[in-house]
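Note sheet for the following structure.
The values are calculated or read from the model by the stated rules, or taken from the named source; none is laboratory data. No experiment lies behind these values; they were computed from the predicted model shown. All Cβ positions, even for glycine, are placed from backbone atoms using ideal geometry, and neighbour counts span all protein chains on display. In case anyone asks, the SASA skips ligands and DNA or RNA and just uses the protein heavy atoms, side chains included. Shrake-Rupley method; radii C 1.70, N 1.55, O 1.52, S 1.80 Å.
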Amino acid sequence: MEIVVSGIRPTGNLHLGNYFGALSNFLKMQQTHHCFFFIADYHSLTTHPTPSDLHGNVKQVLVEYLAAGIDPEKATLYIQSDLPETAELYLLLNMNAYMGELERVTTFKEKARKQAENVNAGLLTYPSLMAADIIIHKAHKVPVGKDQEQHLELTRTFARRFNRMYNHEFFPEPTAFNFGAELIKIPGLDGSGKMGKSEGEGNAIFLADDPKIIRKKVMRAVTDAGPTTPNQPMTEAVAILFSLMRTMSKPETVDHFLNEYNACTIRYGDLKKQLAEDIVNFTAPIRERIHELAADEKYLSKVATMGAEKAHESAGKTISEVREIIGFRKF
Ligand code: ATP
Ligand code: MG
């Protein structure tokens, strides 16, 4: 059976980008694949070095994963720091990862610009930790959003390099996966390009947002003065709303507003109202489960313990084979 790995950093609540870029695919794949889903708490320290409530953040993502529909009996759902084998493989991969290739990664350059006062080694080696997360289970497929494409490319490079250097066809080369379609990027409502957990106010719509907040965020999104000639090309801001509508609303709804846009009769207020209602309807059941699960500490602890056990089984096997291949021997 093919192996699937994917993770999310506990840097904030899950948003529609996480859902449609990654989670929705996990949910389908857990039925047919051997799936590992984890909460990347080591990784969150690259940008949030001293979180005020690390455990609370991890719990929130665990709750939201479960509320969205991950089945911990079918899939292995675990917390990254419960699996120190990942850290060992990360160390070993770093021995064969080169400064030049790490410095060229777009997300590194962006983060280095954004947090110039904290360009730490973890930020630089983010791709080797991510590669360790994936190949520790010898994964084949990784359901992720478009922002992770370059990281996946490096994961393949590291896997290939390991196989070549130690002369062993050991790690498969994992690919980013979206059921044969292009990888998805959901834009942020503030026009900043990408919806993100740790972006500013008004960028993201979270699965846990209550209806009032969702309506407020959508109604506040930027638009323009409206089209004045038929079939006018869209401004970025309006294109963002249509792009969200394509993921959230029925095709007939999208067509209706597109026709109005092309005929210059569109009222953006109506479009936003409809979009907000469609988002509210979609997120309502998830939000309800979030509240129920957050109160059930006993269940969460059971899930995390079971996940760690299952993940150890897979990772322990890989790491002892890796040690053997490299040449570490017991006296
Ligand atoms: P942060 O801002 O802290 O980096 P994030 O929102 O980018 O948070 P990550 O934990 O980095 O979330 O990514 C988790 C998963 O969600 C990844 O598979 C990533 O590709 C996907 N993802 C994140 N944002 C988007 C988006 N806007 N569109 C599609 N997929 C996304
Ligand atoms: Mg991110």
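Nearest 5 percent is fine: what portion of the DSSP beta bridges confined to the chain is antiparallel? Around 5 percent antiparallel, to the nearest 5. Comparing mean-square fluctuations of Val142, Val238, Val63 from a GNM of the chain with C-alpha springs under 10 Å, the top value falls on Val238.
Sorting the Cα pairs of the chain by distance into bins of 10 Å, from 0 upward, gives 5, 24, 31, 23, 11, 4, 1, 0 percent per bin. These residues, Arg329, Arg215, go from largest to smallest accessible area, 1.4 Å probe, as Arg329, Arg215. So what's the gap between the Cα centers of the range 256-283 and the range 123-200, to the nearest angstrom? The two parts, judged by their Cα centres, are 34 Å apart. Once you order the gyration tensor axes a ≥ b ≥ c over the Cα atoms, which shape class does the range 114-215 get: rounded for a/c under 1.5, otherwise prolate or oblate by comparing a/b with b/c? Note, shape of the range 114-215 comes out prolate. The order of Thr107, Thr76 by accessible area, most exposed first and with a 1.4 Å probe, is Thr107, Thr76.
For the listed residue pairs Lys111/Lys298; Lys194/Lys217; Lys250/Lys273; Lys146/Lys310, the alpha carbons are over 26 angstrom apart in Lys111/Lys298; Lys146/Lys310.
Is the range 197-291 rounded, prolate or oblate when judged by the Cα gyration tensor, a ≥ b ≥ c being the square roots of its eigenvalues, rounded requiring a/c under 1.5 and prolate requiring a/b larger than b/c? List each step's numbers first, then the result.
Values: a/c = 2.62, a/b = 1.79, b/c = 1.46.
Cα axes put the range 197-291 in the prolate bin.
Normalising by the residue count of the chain, find the relative contact order in percent from Cα pairs under 8 Å and 6+ residues apart.
23
Residues Tyr78, Tyr42, Tyr19, Tyr98, sorted by accessible area with the largest first, give Tyr98, Tyr42, Tyr19, Tyr78 [1.4 Å probe; ligands and nucleic acids excluded]. Leaving out ligands, DNA and RNA but keeping every protein chain, what accessible area does Asp71 have, in Å² rounded to the nearest 10, with a 1.4 Å probe? Answer for Asp71: close to 50 Å² accessible. Within the full protein context, the accessible area of Glu2 is estimated at about 70 Å² for a probe radius of 1.4 Å. For the listed peptides 3-11, 300-308, a ranking on the average number of other beta carbons within 10 Å per residue, highest first, reads 3-11, 300-308.
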